[in-house]
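Here is the structure we will look at.
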Amino acid sequence: MKKSRVNLCPQNKKNMASEISPKAEISPKAKIGDNCKIFPFVYIEDDVVIGDNCIIFPFVSICDGSRIGNNNKIHQGSVIAALPQDFDFCGEKSYVEIGDNNVIRENVVINRGTHRDGVTKIGNHNFLLEGTHISHDTVVGTNCVFGYGTKIAGDCEIGNGVIFSSGAIQNAGTRAGDLSLIQAGCTFSHDVPPYVIAGGSPMEYGGPNTTMMNYAEIDSKVQKHIANAYRLLFHGKTSVFDVINQIKDQVPDGPEIQNIIHFLENSKRGIMCK
């Protein structure tokens with residue numbers, strides 16, 4: 001198939017490195033970086049910025065409000081900055097911000113924010129498998145994995161290094177803490193704290209996520225402190241408020257313990273299993 005070596009966007013006339021198919025439909029107002037490869041039947045609207053070294057596969061739609069960083073791969077059938085699926089949406093200008101080095105596989109949908117200047121954010125080095133849906137105003141950290149068919153509702157917060165197994169569902173306004181593992185097929189409506197394994201129906205605490213903590217090179221002594229903190233939380237019968245004080249009094253302090261305390265103190269939807 002014949003392909004153009006010239007970027008179709010007038011803002012980028014000096015950029016001769018990007019390879020853009022003449023069968024792609026790209027607004028002349030869109031801004032596309034250097035050394036990108038855009039396949040046939042890609043659709044890109046006006047208010048779009050794409051960084052360097054990105055690969056956009058066939059049948060991808062990149063809609064107004066997309067801000068995409070460098071070295072991203074977006075696969076067939078995905079939609080970036082789709083209109084938010086929110087009854088409160090009134091057509092205001094909003095955004096999706098995607099960082100660097102992300103892999104977005106087939107048929108992924110990422111909605112933009114609901115209200116004026118609202119933003120759905122995806123950090124760096126994330127892997128979104130086929131059929132993942134990230135809804136409006138959700139914030140995703142770095143190094144996360146979203147298994148097949150993962151569904152994230154609006155206004156959620158997802159930390160760094162979080163893994164969602166296939167078919168997991170996160171309900172609106174909830175949080176998943178750093179290095180947590182959400183097991184396949186489960187749905188949760190309360191916050192999942194950092195460093196834990198969570199799964200089942202109803203959701204249950206499955207112990208510390210030692211695999212990811214080892215991967216993150218968290219010291220074994222610190223891992224024991226984390227396990228003790230969660231023993232107080234999930235095996236005790238006191239309130240979350242009392243557990244926070246117990247952790248402060250009984251568990252040696254450190255960045256990871258502070259992360260747990262801060263997470264518990266700022267929960268708005270409540271903590272799973274409590």
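The values are calculated or read from the model by the stated rules, or taken from the named source; none is laboratory data. In this text, all values refer to a predicted model and were calculated from it rather than measured experimentally. For neighbour counting, all protein chains shown are included, and Cβ atoms are generated from backbone atoms with ideal geometry for every residue, glycine included.
Name the one entry in 132, 150, 138, 187 that is within 20 Å of residue 63 (Cβ to Cβ), without any contact (Cβ under 8 Å) to a residue 24 or more places away in the chain, among the hydroxyl-bearing types (Ser, Thr, Tyr) and out of contact with any Lys or Arg (no Cβ under 7 Å at 6 or more places or on another chain). Show your work before the answer.
Numbers: 132 fails: without any contact (Cβ under 8 Å) to a residue 24 or more places away in the chain; 150 fails: within 20 Å of residue 63 (Cβ to Cβ); 187 fails: within 20 Å of residue 63 (Cβ to Cβ).
Answer to the check: 138.
Residue by residue through segment 78-104, note down the ones that are outside any strand (DSSP E or B) and surrounded by 20 or more Cβ atoms within 10 Å (Cβ to Cβ).
Step one: of segment 78-104, the residues outside any strand (DSSP E or B) are 78, 83-94, 99-102.
Passing the criteria: 78, 84, 94, 99, 102.
For segment 201-274, give me every one of the helices (runs of 4 or more DSSP H) that falls completely inside it and has 3 or more residues that are at pLDDT 95 or above and either among the charged types (D, E, K, R) or over 24 Å from residue 185 (Cβ atoms) (or both).
Details: elements: 210-215, 220-235, 240-250, 255-265.
Result: 220-235, 240-250, 255-265.
Among the residues of segment 247-272, count how many are under 13 Å from residue 233 (Cα atoms) and buried (at least 16 other Cβ atoms within 10 Å of the Cβ).
9
What about residue 107, is it out of contact with any Leu (no Cβ under 9 Å at 6 or more places or on another chain), within 17 Å of residue 168 (Cα to Cα) and either of a type in the set (Lys, Arg) or in a loop (DSSP other than H, G, I, E, B) (or both)?
On the way: out of contact with any Leu (no Cβ under 9 Å at 6 or more places or on another chain): yes; within 17 Å of residue 168 (Cα to Cα): yes; either of a type in the set (Lys, Arg) or in a loop (DSSP other than H, G, I, E, B) (or both): yes.
So residue 107 passes the test.
Looking only at segment 180-232, filter to residues that are surrounded by 19 or more Cβ atoms within 10 Å (Cβ to Cβ) and of a type in the set (S, T, N, Q); which one of those is farthest from residue 255 (Cα to Cα)?
Among them, the one singled out is 183.
Among the residues of segment 51-63, is any in contact (Cβ under 8 Å) with a residue 40 or more places away in the chain and within 18 Å of residue 132 (Cβ to Cβ)?
Narrowing segment 51-63 to residues in contact (Cβ under 8 Å) with a residue 40 or more places away in the chain: 51, 63.
Pick out the ones that are also within 18 Å of residue 132 (Cβ to Cβ) and you get 63.
For segment 51-63, residues in contact (Cβ under 8 Å) with a residue 40 or more places away in the chain and within 18 Å of residue 132 (Cβ to Cβ): present.
Inspect segment 227-237 for any residue being touching a Ser or Thr at 6+ places or on another chain (Cβ under 9 Å), within 16 Å of residue 271 (Cα to Cα) and in contact (Cβ under 8 Å) with a residue 12 or more places away in the chain and give the result as yes or no.
yes
Just to check your reading of the model, which residue among 160, 143 is without any contact (Cβ under 8 Å) to a residue 24 or more places away in the chain and either part of a loop (DSSP other than H, G, I, E, B) or not assigned by TED's automatic domain parsing to the domain that holds residue 93 (or both)? Full working, then the answer.
On the way: 160 fails: without any contact (Cβ under 8 Å) to a residue 24 or more places away in the chain.
The conditions single out 143.
Can you find a residue that is without any contact (Cβ under 8 Å) to a residue 60 or more places away in the chain, farther than 17 Å from residue 138 by Cβ and either outside the structural domain of residue 138 (by TED's automatic domain parsing) or crowded, with 19+ Cβ neighbours inside 10 Å (or both) anywhere in segment 167-177? Break it down into steps so the answer makes sense when it comes.
We begin by selecting, within segment 167-177, every residue without any contact (Cβ under 8 Å) to a residue 60 or more places away in the chain; these are 167-172, 176.
Subsequent filtering for residues that are farther than 17 Å from residue 138 by Cβ retains 167.
The next check asks that each one be either outside the structural domain of residue 138 (by TED's automatic domain parsing) or crowded, with 19+ Cβ neighbours inside 10 Å (or both); those that pass are 167.
Checking segment 167-177: at least one residue is without any contact (Cβ under 8 Å) to a residue 60 or more places away in the chain, farther than 17 Å from residue 138 by Cβ and either outside the structural domain of residue 138 (by TED's automatic domain parsing) or crowded, with 19+ Cβ neighbours inside 10 Å (or both).
Looking only at segment 122-140, decide whether some residue is small (Gly, Ala, Ser), under 18 Å from residue 85 (Cβ atoms) and surrounded by fewer than 19 Cβ atoms within 10 Å (Cβ to Cβ). Give the derivation first.
Start the filter on segment 122-140 by keeping residues that are small (Gly, Ala, Ser), which leaves 123, 131, 135.
Checking which are under 18 Å from residue 85 (Cβ atoms) leaves us with 131, 135.
This time we only want the ones that are surrounded by fewer than 19 Cβ atoms within 10 Å (Cβ to Cβ), so: none.
No, segment 122-140 has no match at all.
Please work out which one of (1) crowded, with 21+ Cβ neighbours inside 10 Å; (2) among the hydrophobic types (A, V, I, L, M, F, W, C); (3) under 18 Å from residue 125 (Cα atoms) is the condition residue 55 fails and give its number.
Status for residue 55: all satisfied but (1).
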